[in-house]
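These notes concern the structure reproduced below.
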Protein chains: 2
Amino acid sequence: MRVIGKRLKRPDSRPKLTGHETYTADIRYAGTLHGGLVLSTQARARIRGIDTSAACAEPGVVAVVTAANLPEWTRADEVADRACFFLAHQRVAYVGQPIAVVLAEDAATAERAADLVTVDYDPLPVVAHPLAALEPDAPTVRDGVPNVNGTVEYHRGDVEAAFASAAVVVEREFRAAGVHQGYLEPRAVIAVGDPTGRLTIFTPTQGQFMIRSAVARALRLNEADVVIRPSTVGGGFGAKYTLLEPLAGWLALHFGRPISLVLTRRQDFAGTTPAPEALLRVGIAADDEGTFTGLRADLTYDTGYFSHSPYLLAGLMAGSTYRVANLAIVSREVSTNRAGAGAYRAPGLPQLAFALETLVDEVAQALGISAVELRRRNVAVGGDPMADGAIWPPFDARLLLDAVESHPLWNAPLGPDEGCGVALGMMRGATESASASARLNPDGTLSVIVGSIDLTGTTGGLTQIAAEVFGVSPERISVLTAPTDSAPHSGVTGGSKIIYTVGNAVVQAAGDARQQVLAIAAEALEVGSDDLDIDDEHVFVRGAPDRMLTLREVYARSVAIGSRHAPVFGHGNVANPQKGPTSAVHLARVKVDRETGVVRVTGYVAVQDVGRAINPAEIDGQIHGAVAQGIGWGLNEGMLYDDDGQLLTATFMDYPLLHGQDVPQIETLIVENPAPRGPFGARGVGEVPIIPPAAALANAIYAATGVRLQAMPMTAERVWRAIAQRDQHPALPPDGGDRG
Amino acid sequence: MRVIGKRLKRPDSRPKLTGHETYTADIRYAGTLHGGLVLSTQARARIRGIDTSAACAEPGVVAVVTAANLPEWTRADEVADRACFFLAHQRVAYVGQPIAVVLAEDAATAERAADLVTVDYDPLPVVAHPLAALEPDAPTVRDGVPNVNGTVEYHRGDVEAAFASAAVVVEREFRAAGVHQGYLEPRAVIAVGDPTGRLTIFTPTQGQFMIRSAVARALRLNEADVVIRPSTVGGGFGAKYTLLEPLAGWLALHFGRPISLVLTRRQDFAGTTPAPEALLRVGIAADDEGTFTGLRADLTYDTGYFSHSPYLLAGLMAGSTYRVANLAIVSREVSTNRAGAGAYRAPGLPQLAFALETLVDEVAQALGISAVELRRRNVAVGGDPMADGAIWPPFDARLLLDAVESHPLWNAPLGPDEGCGVALGMMRGATESASASARLNPDGTLSVIVGSIDLTGTTGGLTQIAAEVFGVSPERISVLTAPTDSAPHSGVTGGSKIIYTVGNAVVQAAGDARQQVLAIAAEALEVGSDDLDIDDEHVFVRGAPDRMLTLREVYARSVAIGSRHAPVFGHGNVANPQKGPTSAVHLARVKVDRETGVVRVTGYVAVQDVGRAINPAEIDGQIHGAVAQGIGWGLNEGMLYDDDGQLLTATFMDYPLLHGQDVPQIETLIVENPAPRGPFGARGVGEVPIIPPAAALANAIYAATGVRLQAMPMTAERVWRAIAQRDQHPALPPDGGDRG
């Protein structure tokens, strides 16, 4: 391997680190109208009236648009598909729901005038929490739709009997707060119409083809009349799918001017698509050898007003992570008067792991088996059945457990109030068909054209793959994401699948381009293709490197008046129905201040099977980021709502993302157990490392303190309170505000 | 054939006819600096100084840039490559040469302030006409380069002996004025840099990859750092290649703001790339059977200050149009102090045909052989040698002569002062390698992605080709030209070769997509691919049309999580070294007013071999346009310069394009003699019909009046003068101002 496995810098580092990157809000079209959104301040209400007169009177305001100004077909009262929701019509269903948009000549005027719009609400009873949604007499959040919006169940064997006859049973309830993806770039969109009805949309999306379909469906346009120009994503983490694009598109076509909609931070917190709150009751039964004999789980995910919670994946993984003969899994999503749930890196699984991995730890403790050894005995590996009966494709997390076990941190002596915890994360892996092209340029470089969005550095990974296959250094490859009108197909950047899917298309396209280059050179040099090789700028005869042609010359021979050779234009078009499962085992060491409950992470090791490390530096970065988010989620973050459905944590002052100084030194251990169908054996990388951190911290906190936390985030207050409760502390105050 | 051969509307008609098309000058970026060019008013001079103070003082002016502000490497005194010429440094070489550019916040200020820049010239002797350039003591236009800048010669047999022993010899000198392409959209460019040094250029170019290479070379950038976004061409006709793009690009990168440069009409006339003046001495020798036994030609094309005249093609075609055993051809280009020559539809050949076809007519008259019959006996056909020894690929203009001969207009009785003339035009045809992609969309439509510029309606032609091959109606195909960063390769839109080259790539890409669709449907429907066919929206089993899958369903099966099928993404990549020659024979009937010399066209028939008519309506349009231009060129148009090199015809008041009412009814006769390697047999269409009109008019004028014109344009004054001279008119004034 000449390029695969090298630690290379990301091609996008420079513009991002120097502040030169152009984000959507930086794109300015002459004549743009800036939109200021008026969002609902009520979680559930009828709208008696909207007074736009003061806003309209503001100099620089061109229009104030409410649902009354939109076409009839946008005004459905109940819209399951978020993409088809424009502006609230007659009633609102969550705080942060768009009611009106002020269009002005500049953004400051639009924002100021939006504050002048007054809405007369007639408040209705609010379903503010997922538990409340389950009450028999709860109001229904969406008319005619039960609050339990979806349920999945998996059953295997006789779980009651297994629990009844087990040597050890642990069962417990857990709660996990909703969390926001915490991207630095708030949602933004620019829409530009042309008078023929075609629409161009600039948006920092994770999936341009998905957005195109959504916008076309919402606006009743032909897909060919919508062009998505994906702009740089300033942090996505699963959140950045369809939101404001249809509204911006309609405004652009209606007003005949470019439209810019950029959320403020507060609006972004209130009205977007956070990861949902979850309520998880999980139990494990084991025999005295530590073999898991039964597992039951009852999972409830809040989905807010729109239906997009991760309950299906969570239900599946609850019953698939460990090999258990007897299963009973129920997983559901419930509607509440909150903004609709969205995806966030390994959707639903950090919450699930928090519950499941805590219980595994308890079983280990009860049986006196090492936490690593117990997992090794029970963890599902390739060939085992999943909850739905599908068979796990090849993978083996036992390799990671072995690595953890032999790591010095696992065996190192502990200081006072210090503990060490381990947790395991696992994802099924996603796969999808994909295409790519590869074109030789006049300067002998190769352009690789794809349709995938670079969310996590995939451009660099695809560059290395193309360089390895084509036979040149990465500097001579440029990977470009074309817009929807011309890009080869790619699925959304989600499910850790871009390298696993588009990577294979790039292998094929670059390989095809290489063969075309070799054929042209073979004719010119009068040798067989097999006798040729490529270095950075040349095609040469193996063993006689001065018999060569530059890649520039190959281009010139292929692209010319009367050329007998076709242009070098490689083609990659792949299907790969076999998934490449991903797994990670993390080891966390913490020191707990018993006086304050503050948890300090004193050591962290993340072990992950990446199949093949295309760029280990990039993978380290992905793992570091995921662990930082996972620790934030585990210790700090939570979207808190009051009983009226008001979000209490709508700024970065109230919503405590981890600061740089709070992130510990994170050691990564990359294990390469190739995925049979991945490019060079690569598996997905981005999501799985966010699954274990909270669980590993919980187990470490237990090891340090002897108390088990059952709610995320494990704030200092909660840790202190748990210790105080355990110790029957005389000063323990009542638990008043614990809404997380 | 379901689609090929159908008369369909052009997809771009609607936006163009309704005024909704966006041209380059309509693209407005926020923060744009508008450039006002200061052009030389002297044809040859040293620059003593440039006073920019008044312009700089104008409110709204941001900068005035001269060569002194440009980097050293842009300031070469003698630049053969127009792309590397930025602003005049120390001296000027033609009227209209850019000296400075004023950058202002709006276009009106830029233009006004440009008028305030004063240049102190020290005039030098001017080479104002191509004949003057050939004088032994003429100043050299470019230091160290002879005024005869290039020469090509072809010799075959013994031409002196052939002329000495011929039954008939005709030999004469002809002149043809330079002409401007007369596009309605003046040259315009928008350049947008980004702080990382990458450059995006919007330009109405005929060849985006050529412009990219030129800009990269001129600005010393990597090609990958230049993206050309080709905008709609508002008329090109061969003119729209590199001109202002490098300068605009440098300004955008230097000032960090978008730059817009839009020429005024007068600037466009003065400083762009017109078709050159030509001086042609041609002779034909024939035996008494009418067989051409000798041909000699001495051709001189003005190339102005830059080297891009069509002398090579003209020399080749002078000796290749007819089958002649003895040849002596010299063709040269000469430098003058005029703007550099450019291409204009069939470059150099209308001028050549004016000379050659007049002489053929004279031979026919001398021998008493019909003008059609004489051509039929001598015209070169597939298999004959060209002047350079290459062999003509299959084609046969005799089919066209047969068609003319049997046309009623050829045999119809003539009124008084009416005459009928015929002329033949021929082009070698160009070819080049090309690529294309074809992608199935969610709505079951097919996107065809190419890199070629639509100058003449090729988008419609490629749409029909893709529709025919894929098996759907043209409404379900969209053809898109992607920008340079992602487009499949195409050569420039010149040489009538887009359908002939990119058309083949589209045949392959659409055919590949069709096979992929059939394979997916075959598996779903459990039949063989061969048993399936496609109609507009379905794939169905032949003979059992209710066993079917919609194309939407095929898409859904190919693009999905876990899909076993790859996306439908067809690939076309072709080389076609065999050219597809094109030929046309035109028949013109004119009535001449002997009192005024005014020529009125009373009938016109254009016969053309198109190989295969993809869209006959489109071909009619191409022929109509070419004949209108050809008549304008033959009767009206001419760029006139005085002896100081000042252009006297720099507005559409002075440069008389044909008006609508001057264009006669044009009858087209399409002959389909398939080109073996053309898509469905198609040959190029756009250029050849501009070759015969002036010559056919000259022969018709002779038939009407008995005088032969030897200078183009054949203005009323010239016609009147020729008749007066022949008749020894007593009032004949001296010929004072005949500069054409």
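No lab work stands behind these numbers, since they all come straight from the coordinates. Computed from a predicted model, the values in this text were never measured in an experiment. Please note: Cβ atoms are built from the backbone with ideal geometry, for glycine as well, and neighbour counts cover all protein chains shown.
What number results when the radius of gyration of the stretch A:298-399, computed over Cα atoms, is divided by 2.2 N^0.38 Å?
On the way: Rg = 15.3 Å, N = 102, 2.2 N^0.38 = 12.8 Å.
Rounded to two decimals, the normalised Rg is 1.20.
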Taking A:Glu475 in one copy and the same position in all the others, each labelled 7 Å out along Cα→Cβ, what are the pairwise distances from the first, in nm, shortest first? 5.4
Alpha carbons only, please: Rg and Dmax for the stretch B:651-740, in angstrom. 18.6, 61
How big is the equivalent ellipsoid of chain A along its three axes, where each semi-axis is √(5λ) from the Cα gyration tensor, reported in whole Å from largest to smallest? 43, 38, 22
Work out the P(r) tail for the stretch A:119-201: percent of alpha carbon pairs separated by more than 22 Å, whole number. 68 percent
Provide Rg and Dmax in Å for the protein assembly as shown, with only Cα atoms included in the calculation. 37.9, 133
Name the trypsin sites (Lys or Arg not before Pro) in the stretch B:165-228 that are in a loop by DSSP and that have at most 11 other C-beta atoms within 10 Å, would you? B:Arg220
Alpha-carbon Rg/Rh ratio, for the stretch B:462-609, with Rh computed the Kirkwood way: 1.22
Say a label goes 7 Å from Cα toward Cβ at A:Glu160 in every copy; what distances in nm does this one have to the rest, shortest first? 12.0
The residues B:Asp402, B:Asp530, sorted from fewest to most surrounding Cβ atoms within 10 Å, come out as B:Asp530, B:Asp402
For the stretch B:524-671, percent of DSSP beta bridges that are antiparallel (nearest 5) comes out at 80 percent
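Where Rh denotes the Kirkwood radius from the mean inverse Cα pair distance, what is Rg over Rh for the stretch A:243-319? All intermediate terms of the calculation are to be shown ahead of the outcome.
Working: Rg = 21.4 Å, Rh = 16.5 Å.
Across the stretch A:243-319, the Cα-based Rg/Rh ratio is 1.30.
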Would you work out the charge dipole size for the stretch B:193-344 about its Cα centre, treating the Cβ of every Lys and Arg as +1 and the Cβ of every Asp and Glu as -1, and quote it to the nearest 20 debye? 620 debye
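Given C-alpha coordinates of the stretch B:365-407, what is the ratio Rg to Rh with the Kirkwood estimate of Rh? Display every interim value, and only then the final one.
Numbers: Rg = 12.2 Å, Rh = 11.5 Å.
Computed over Cα atoms, the ratio is 1.07.
If you average the sequence gap of Cα pairs under 8 Å that are 6 or more apart and divide by the length of the stretch A:31-124, what percent do you get for the contact order?
Details: 207 pairs, mean separation 48.8, N = 94.
Relative contact order, the stretch A:31-124: 52 percent.
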What translational diffusion coefficient, to the nearest whole µm²/s, does the stretch B:79-232 have by Stokes-Einstein, given a Kirkwood radius computed over alpha-carbon pairs, a temperature of 37 °C and 0.692 mPa s viscosity? 158 µm²/s
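Find the relative contact order for the stretch A:48-204 and round it to a whole percent, using C-alpha pairs within less than 8 Å whose residues are 6+ positions apart.
Working: 147 pairs, mean separation 29.4, N = 157.
That works out to 19 percent.
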Summing -39500 (n - 2.57) over the DSSP H runs of n ≥ 4 in chain A and dividing by its residue number, what mean residue ellipticity at 222 nm do you reach, to the nearest 500 deg cm²/dmol? -8000 deg cm²/dmol
Give me the distance between the Cα centres of the stretch A:414-460 and the stretch B:418-473, rounded to whole Å. 39 Å
The stretch B:1-116: D in µm²/s via Stokes-Einstein (Kirkwood Rh, Cα pairs, 10 °C, 1.306 mPa s)? 93 µm²/s
Can you give the three extents of the C-alpha atoms in the stretch A:370-437 along their principal axes, from longest to shortest, in whole Å? 55, 34, 19
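Could you tell me whether the stretch B:143-183 comes out rounded, prolate or oblate from its Cα gyration tensor? Rule is a ≥ b ≥ c as square roots of the eigenvalues, rounded for a/c under 1.5, then prolate if a/b exceeds b/c, otherwise oblate.
Details: a/c = 3.24, a/b = 1.58, b/c = 2.05.
Oblate shape, in that a/c is at least 1.5 and b/c is the bigger or equal ratio.
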Can you give me the relative contact order of chain B as a percent, contacts being Cα pairs under 8 Å and 6 or more apart? 15 percent
Alpha-carbon centroids, the stretch A:494-555 and the stretch B:309-364: separation in whole Å: 44 Å
Distance histogram in 5 Å bins (all Cα pairs of the stretch B:393-513, percent per bin): 2, 10, 17, 16, 12, 9, 9, 8, 7, 5, 3, 1, 0, 0
Nearest-5 percent of antiparallel DSSP beta bridges in the protein assembly as shown? 75 percent
Regarding the stretch A:162-296, what are the three Cα extents along the principal axes, ordered largest first, in Å? 73, 32, 21
antiparallel share of DSSP beta bridges within the stretch A:431-574, to nearest 5, in %, is 75 percent
Can you find, among A:Ile391, A:Ala110, A:Gly632, the residue sitting farthest towards the positive end of the charge dipole of chain A, where Lys and Arg contribute +1 and Asp and Glu -1 at Cβ? A:Ala110
Given charges at Cβ of Lys, Arg, Asp, Glu: chain B dipole, positive-most of B:Thr232, B:Ala278, B:Thr445: B:Thr445
Using the 7 Å Cα-to-Cβ label point, sort the distances from A:Glu289 to its equivalents in the other copies shortest first and give them in nm to one decimal. 10.6
At 4 °C in a medium of viscosity 1.567 mPa s, the stretch A:50-107 has a Stokes-Einstein diffusion coefficient, with Rh taken as the Kirkwood radius over alpha carbon pairs, in µm² per second, of 104 µm²/s
Quick calc, the stretch A:31-124, dipole around Cα centre from Cβ unit charges on Lys, Arg (+) and Asp, Glu (-), nearest 20 debye, gives 260 debye
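Report Rg(Cα)/(2.2 N^0.38 Å) for the stretch B:643-696, keeping two decimals.
Values: Rg = 18.1 Å, N = 54, 2.2 N^0.38 = 10.0 Å.
Dividing the Cα radius of gyration by 2.2 N^0.38 Å gives 1.81.
Placing +1 at every Lys and Arg Cβ and -1 at every Asp and Glu Cβ, with all other atoms neutral, what dipole size does chain B have around its Cα centre, in debye to the nearest 20? The partial results should precede the final answer.
Numbers: 62 positive and 82 negative charges, 178 e Å.
The calculated dipole for chain B is roughly 860 debye.
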